[in-house]
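Trainee: Mind looking over this structure? Questions follow.
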Amino acid sequence: MMERTEHQFQQILELLKKRATGGTITSEELTILNNWLHSNQYNEELWNNLSSSSWMEHEIKTYARVDQESVRKKIVILRSSRVKPRIRRLLPQISWSIAAAVLVAIGAFWWFNYNSRHNEPTLVNVQQEKILPGMNGALLTLADGSSISLDSIKNGTITTSGGVTAKVNNGTLQYIGHTNELTFNKVSTPKGRQFTVQLPDGSLALLNSASSIRYPMTFIGSIRDIEITGEVYFDVKQNAKQPFIVNTDRGLRIEVLGTKFNINSYNNEPVIKTTLIDGKVRLTTGAQNSNATLLPGQQAQYNQPGDAGAKISIQQLDQPGLDRVLAWKNGLFIFNNDKLPDIMRQLERWYDISVIYGQHIPVRTFSGKIYRDVPLSELLDIFQGMGVKFALDGRTLTVEEE
């Protein structure tokens with residue numbers, strides 16, 4: 001069944017290529033196309049679009065502006081370590097015209113949807129509640145202890161104390177003014193939220209879901225000292241006279257002058273990961289001789305937070321590794337031979353769900369890219385195609401091997 005359906009995909013894609021590039025279609029091929037056309041409403045929509053010169057012109061111009069890797073990123077792919085890849089040689093070296101490249105992306109989506117809906121078992125109870133992906137939003141706690149929800153504020157002014165004004169501008173919290181008092185604000189993102197804060201010095205902090213950052217309304221003194229939990233991406237304004245210090249709730253301290261880096265310090269993750277994109281940072285812990293300096297492209301892992309004998313290990317990441325670290329801020333899940341529990345922890349935070357496991361926990365690994373803006377049911381549909389079974393009760397997801 002798998003081989004025959006994959007062959008059909010390749011056959012239809014070749015015929016669509018002919019359609020897009022003006023090739024000759026035989027009567028036998030036309031019969032194949034007609035059968036395909038009437039099997040799915042999306043197929044008919046694609047066919048009609050291929051007949052539209054304006055649609056093709058728009059798509060060609062779009063793809064002409066991107067390289068092959070950008071084309072690849074438009075395709076949802078997921079592979080399992082124990083199941084043959086769903087799409088073999090999905091994107092070979094593209095020698096077709098730009099129009100054919102458009103069809104590769106569209107055809108890959110069609111192939112994946114076709115198989116998910118026709119060749120795999122139906123999901124168990126995952127459609128009973130439409131759980132949407134996370135969104136922009138957070139909770140701001142002011143110096144006096146009062147809290148303000150930032151979920152629905154795209155633009156607006158928030159009254160604070162000490163002559164400093166907080167504003168939300170296009171979904172980013174910013175500060176205007178100066179105070180000589182050391183007063184703190186805190187921004188927290190619950191599950192299913194992410195948010196960007198422009199700190200009083202102009203540095204940017206992008207919070208992933210289930211994270212927080214505590215900072216002064218004005219940086220006073222010789223250092224810029226802040227505290228975080230969860231995962232935060234920083235773009236720090238350089239100021240050699242006032243180093244920027246990030247303190248985690250797990251005992252790791254990061255000192256920077258001006259840099260871009262990501263820190264993942266969730267309490268339910270086994271290690272703290274600090275990844276440097278640009279600049280230079282120094283990491284220290286409470287453990288003796290456990291300091292480290294990172295250069296661009298390096299990641300530090302602190303394996304035993306709180307252990308006096310813990311050490312910081314450093315590894316050099318290639319570009320795919322860096323892309324994986326920054327996937328969350330770029331709107332993607334990227335997996336690379338990840339175990340299902342590791343993946344599910346990400347889904348718990350982004351979709352605000354709780355995950356439990358049945359008697360047979362899948363022990364396979366998964367690799368691929370999935371957009372973070374899809375509803376939970378669509379994402380689970382992809383994993384279902386890999387042989388994982390789900391049951392959803394409210395916001396509790398039970399996972400088992402098929």
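Trainee: Length gain on complete extension for the stretch T31 to S149, per 0.36 nm per residue less the alpha carbon to alpha carbon distance?
Mentor: 36.7 nm
Trainee: For the stretch 261-402, what is one quarter of the convex hull surface built on the Cα atoms, given in nm²?
Mentor: For the Cα atoms of the stretch 261-402, the hull's average projected area reads 9.5 nm².
Trainee: How much length is gained if the chain between H38 and K130 is pulled fully straight, taking 0.36 nm per residue apart and subtracting their Cα-Cα distance, in nm to one decimal?
Mentor: 30.2 nm
Trainee: Using a 1.4 angstrom probe on heavy atoms only, work out the carbon and sulfur share of the accessible area of the stretch 339-396 in %.
Mentor: Its accessible area is 51 percent carbon and sulfur atoms.
Trainee: Roughly how far apart, in whole Å, are the Cα centres of the stretch 218-240 and the stretch 138-181?
Mentor: Here the answer is 17 Å between Cα centres.
Trainee: Using packing as a proxy for protection, rank 329-336, 197-204 so that the peptide with the highest average count of other Cβ atoms within 10 Å comes first.
Mentor: 197-204, 329-336
Trainee: Here's a follow-up. Using the Cα gyration tensor of the stretch 166-261, with a ≥ b ≥ c the square roots of its eigenvalues, what is the shape: rounded (a/c below 1.5), prolate (a/b larger than b/c) or oblate (neither)?
Mentor: Taking the square roots of the gyration eigenvalues as a ≥ b ≥ c, the stretch 166-261 is oblate.
Trainee: So which trypsin sites (Lys or Arg not before Pro) in the stretch 182-262 are both in a DSSP loop and have at most 11 other Cβ atoms within 10 Å of their Cβ?
Mentor: Loop-located and lightly packed - K241.
Trainee: Still on this structure, I have one more. Would the stretch 219-320 count as rounded, prolate or oblate if I go by the C-alpha gyration tensor, calling it rounded below 1.5 in a/c and otherwise prolate when a/b exceeds b/c, oblate otherwise?
Mentor: It comes out oblate by the Cα gyration axes.
Trainee: If you don't mind, there's one more thing I want to ask. Are any of the pairs K186/K311; K154/K280; K18/K369; K130/K191 more than 23 Å apart by Cα-Cα distance, and if so, which?
Mentor: Correct reply: K186/K311; K154/K280; K18/K369.
Trainee: By per-residue mean of other Cβ atoms within 10 Å, what is the highest-first order of 275-281, 294-300?
Mentor: 275-281, 294-300
Trainee: Okay, moving on. What residues have an amide H closer than 5 Å to that of S211, excluding those fewer than 5 places away on the same chain, when H is modeled at 1.01 Å from N in the peptide plane?
Mentor: It is T189, by chain and number.
Trainee: When the accessible area of the stretch 187-294 is split by element with a 1.4 Å probe, what percent falls to carbon and sulfur?
Mentor: Of all accessible area on the stretch 187-294, carbon and sulfur atoms account for 43 percent.
Trainee: Any idea how far apart D318 and K18 come out in nm if each label point goes 7 Å out from Cα toward Cβ?
Mentor: 3.9 nm
The values are calculated or read from the model by the stated rules, or taken from the named source; none is laboratory data. Source: prediction; values computed, not measured. Backbone-built Cβ (ideal geometry, glycine too); neighbour counts: all protein chains shown. Surface areas here come from the heavy atoms of the whole protein model, side chains and all, with no ligands, DNA or RNA. Shrake-Rupley method; radii C 1.70, N 1.55, O 1.52, S 1.80 Å.
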